1. Collect the residues in the range B:284-299 that are more than 10 Å from chain A (Cβ to nearest Cβ) and within 28 Å of the chain's Cα centre (by Cα), keeping them in residue-number order.
2. Go through the range A:98-123 and give me each residue that's within 13 Å of another protein chain (Cβ to nearest Cβ), in a helix (DSSP H, G or I) and closer than 16 Å to A:I163 by Cβ.
3. Considering only residues that are at pLDDT below 95 and among the basic types (K, R), which ones fall in the range A:271-299?
4. Restricting to the range A:124-150, what's the tally of residues that are out of contact with any Ser or Thr (no Cβ under 6 Å at 6 or more places or on another chain), part of a helix (DSSP H, G or I) and of a type outside the set (F, W, Y)?
5. Given the structure, is B:G332 under 23 Å from the mean Cα position of the chain (by Cα), at positive phi and modelled with pLDDT of 95 or more?
6. Within the range A:181-197, can you find the residues that are surrounded by 15 or more Cβ atoms within 10 Å (Cβ to Cβ) and part of a loop (DSSP other than H, G, I, E, B)?
7. Do we have A:P146 as modelled with pLDDT under 95 and buried (at least 24 other Cβ atoms within 10 Å of the Cβ) here?
Number of protein chains: 2
Amino acid sequence: MEQERVDSGQLIGFTTRILEKLGVTPQDAAIAADAIVSADLRGVESHGVAHLAQFYVQRIQKGFINIHPNITISSQAPATAIIDGDNGIGFVVGHRAMSEAIERAGKVGVGLVAVRNSTHFGASAYYAMMALPHDMIGLAMSSTGPIVFPPGSKARGVGTNPISLAVPAGVESAFVLDMATSVVAGGKVSEAMRKGLPLPAGWAVDNQGGITTDPRAVFAGGGGLLPLGGTPELGVYKGFALAVAVEILCNILSGSVAGLLQTVEPGAAGNKCDHFFGAIRIDGFLPVDTFKAKMDELIQAYHALPKVEGVANIFLAGEMEAATERARRTEGIPLHEKVSASLREIGQQLGVPYDL
Amino acid sequence: MEQERVDSGQLIGFTTRILEKLGVTPQDAAIAADAIVSADLRGVESHGVAHLAQFYVQRIQKGFINIHPNITISSQAPATAIIDGDNGIGFVVGHRAMSEAIERAGKVGVGLVAVRNSTHFGASAYYAMMALPHDMIGLAMSSTGPIVFPPGSKARGVGTNPISLAVPAGVESAFVLDMATSVVAGGKVSEAMRKGLPLPAGWAVDNQGGITTDPRAVFAGGGGLLPLGGTPELGVYKGFALAVAVEILCNILSGSVAGLLQTVEPGAAGNKCDHFFGAIRIDGFLPVDTFKAKMDELIQAYHALPKVEGVANIFLAGEMEAATERARRTEGIPLHEKVSASLREIGQQLGVPYDL
């Protein structure tokens, strides 16, 4: 089926106007819209405009998100700071915090910023990638509401807690790792549920901590996701340890508390997030050109590896997303009809014409 | 079978004297011996004295390791530095580099040090844990020789590349993540081979990149290990991306080249390693006591989770190793008879009495 394609600039404009209608300042609306549409450009639809109406707009309308936050910063050392997001829009708080990390890295070589009292910030890669034009390595993490079962437990104990690391290259695409520390993110389970398909064993557990292939057992059933590794034999303890590491850097180091210990307002599950950002100046180590040439050499060496029959290429993290972005910048972003319908509807509701 | 138990202090003394006999300076020998025996204390025998004779001593004797290295440092920013290990003993180079990271963190809040031209440094956790008494978070990574197959390739392309993160707590044990980014480290495959057992599907591939359960197919057969995740369905791309991230921070950022691009002298496979170390001052974010109390609260919340039948506790990373260390500091370190025999033999060869 031919999908409707929209221009990314126009989609950013529409999203900005929607947020402005909700009372968000033009500057903050533009930041949030860019982050949201950036996910669509990179083919990461799970964090794009598909969630604008049902997720971000609703949460602002319900008052779960503070659109005029008093974002404050405290710093005890040149390379480090804590930001309190005052329950602001995650995109805006995240952008402010990553900018702070980049500024500190500019001065002393590294900047690390832990963030408390923020909300869902979309795709982690967006913030890590903010470091790239500065010739820095970027790091972004977020805690999420607990939906993952620690190994051996029969309760949710930790979030899907994504980690992103972005590293510039020369002629090749930047290396951009962006992964949930669970085997899969929650969206994959919802997708299986919609399609009526069973889950692969190793993705999820039921509410007794037993492996399940029934997607209905996971969310409404009180079950949850498994940490990366899936089973003890295949290293589930590693995925759990990575998830806890994210929780420590985001929740504990920012002066918040881990998701397990937070109380959640009814209807606001998964709203509150803490984050952790880092920027590392490459020329604090070696000349940028040398570094980028070595990155290209590494990426090309992977491409040149002999491949299993039927495999076209050995892709490095972020390469496919970069290719998708290049294509969508010229050809437009394809939108599923349900998504464009939701945008039309929210546009009508708020008096923003959807004329992309 | 009752195993011989030896006092950790005496084992450190013996190991120190062995290294001194090879010409290592007393100071460097003491550092290396402490790092090696620390692995035995924590129950991580794969990085302890079991490998002293066959691995470290032999490599020094064969001249693969430079025991009088000219370790040099260059720094372009207060928070960052590169160290060139001049092919020195990995333990000594690693200790020097982590000390440098801690010193820089003391000044500006964070210290990151990339290391080139080093050799095998044992267990990553040793260096990350050096940060703990300074009330810092410690980070240590190492690249290793390529033995892991990137997804889709039929060749080795990346090392097992371990990551360690150590975080202090209050009354609870420190959180110490220490994981290979492959499903398992090579030692597990060697163990299965010795015992004549098949491998679980998902650990390894044969030399065509096909999943294998035959341990003989892995090393001598030209096969290799799989990145964490194991299969595309269970997230092998995440493990591969983590391994490449380690390669970038260790090899590229230090000015070296990735393992895939290095030439290896015959017999010296897996000798050359690059590393990456980090130290983060907790009071650069918030008061140390506040942080530690929150860590205790988090760890205790995990312990209090309802458990699957038959599960005694939800262990956080490093807890079991800390319990083992406490026991072994008083009861001694149990040594397999083959290990004590190898120590006796190397002692006899070098004129160091094994009288523990």
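The values are calculated or read from the model by the stated rules, or taken from the named source; none is laboratory data. Note that this is a predicted model, so its numbers are computed, not measured. Here Cβ is always computed from backbone atoms with ideal geometry, including for glycine, and neighbour counts include all displayed protein chains.
1. Across the range B:284-299, the qualifying residues are B:V288, B:D296.
2. A:A101
3. Listed by number, the list holds a single entry, A:K272.
4. So the count comes out to 4.
5. Answer is yes for this residue.
6. Once the filter is applied, which keeps residues that are surrounded by 15 or more Cβ atoms within 10 Å (Cβ to Cβ) and part of a loop (DSSP other than H, G, I, E, B), the range A:181-197 yields A:T181, A:V183, A:V184, A:A185.
7. Against the criterion (modelled with pLDDT under 95 and buried (at least 24 other Cβ atoms within 10 Å of the Cβ)), A:P146 qualifies.
Matching residues to (1) among the hydrophobic types (A, V, I, L, M, F, W, C); (2) crowded, with 20+ Cβ neighbours inside 10 Å:
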| site | (1), (2) |
| --- | --- |
| B:G23 | no, no |
| B:D28 | no, yes |
| B:A35 | yes, yes |
| B:L52 | yes, yes |
| B:Q61 | no, no |
| B:I82 | yes, yes |
| B:G88 | no, yes |
| B:I102 | yes, yes |
| B:V110 | yes, yes |
